[in-house]
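Asks: After the structure tokens below, expect a handful of questions from me.
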């Protein structure tokens, strides 16, 4: 896989950060309980506890909701630099890794205050099953390469390169990477983040 003109580090060689302690520290510094964060994010207390202990890894969407509940951004929480520019060249694109499955995220823009969408490219390994999700907002996915089994409510779509899906995220959804190749997915999601106490 090539990112920013250079070959990305292989999964076996790349150290996967554990962001659980950072999330716990931020939550405790705000004096919030797991129950309060669960209520603000529509995630279960059990799942949040597993995230804080490094047992489970949240999806990008859930991570954004956790950061919002903790009155910060995902980038600030995981220390991804956020220089602002309307234009970002492919050589300056920021990347970060989430989870034990080492999903690689390419951030397609730094965003700006009041931005309503979050665009990124996600690289997922063969067999990866996403978190089962249901939350406020909408999402668009264009499959650049690989194959996905996309579950949306009672429907199942087999996606191949060039296919896209756009839906209301209040419908239950998750996806599975099919075959023996990683998937490369262009995502644009809305970010209806509600800060605690706002």
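Asks: Which ones in region 84-107 are free of Cβ contacts under 8 Å to residues at least 60 places away in the same chain, assigned to a loop (DSSP other than H, G, I, E, B) and within 18 Å of the chain's Cα centre (by Cα)?
Replies: 101 - this is the single residue of region 84-107 that is free of Cβ contacts under 8 Å to residues at least 60 places away in the same chain, assigned to a loop (DSSP other than H, G, I, E, B) and within 18 Å of the chain's Cα centre (by Cα).
Asks: What is the residue count in region 35-54 for residues that are farther than 23 Å from residue 170 by Cα and free of Cβ contacts under 8 Å to residues at least 24 places away in the same chain?
Replies: Residues meeting the conditions: 2.
Asks: Now a separate question. Would you confirm whether or not region 135-150 contains a residue that is part of a helix (DSSP H, G or I) and farther than 26 Å from residue 48 by Cβ?
Replies: no
Asks: Among residues belonging to region 16-34 that are in a loop (DSSP other than H, G, I, E, B) and in contact (Cβ under 8 Å) with a residue 40 or more places away in the chain, point out the one that is surrounded by the most Cβ atoms within 10 Å (Cβ to Cβ).
Replies: Across region 16-34, the extreme among qualifying residues is 19.
Asks: Something else about it: If you take the residues in region 108-126 that are at pLDDT 80 or above and over 12 Å from residue 186 (Cα atoms), which one is farthest from the chain's Cα centre (by Cα)?
Replies: 126
Asks: Give the residues of region 160-170 that are loosely packed, with under 15 Cβ neighbours inside 10 Å and part of a loop (DSSP other than H, G, I, E, B), sorted by residue number.
Replies: 161, 162, 163, 170
Asks: Output the residue which, of all residues in region 67-83 that are at pLDDT 80 or above and not in a loop (DSSP other than H, G, I, E, B), is surrounded by the most Cβ atoms within 10 Å (Cβ to Cβ).
Replies: Among residues in region 67-83 that are at pLDDT 80 or above and not in a loop (DSSP other than H, G, I, E, B), the one surrounded by the most Cβ atoms within 10 Å (Cβ to Cβ) is 69.
The values are calculated or read from the model by the stated rules, or taken from the named source; none is laboratory data. Values in this document were obtained by computation on a predicted structure and should not be read as measured data. Methodologically, a virtual Cβ is constructed for each residue, glycine included, from the backbone with ideal geometry; neighbour enumeration extends over all protein chains shown.
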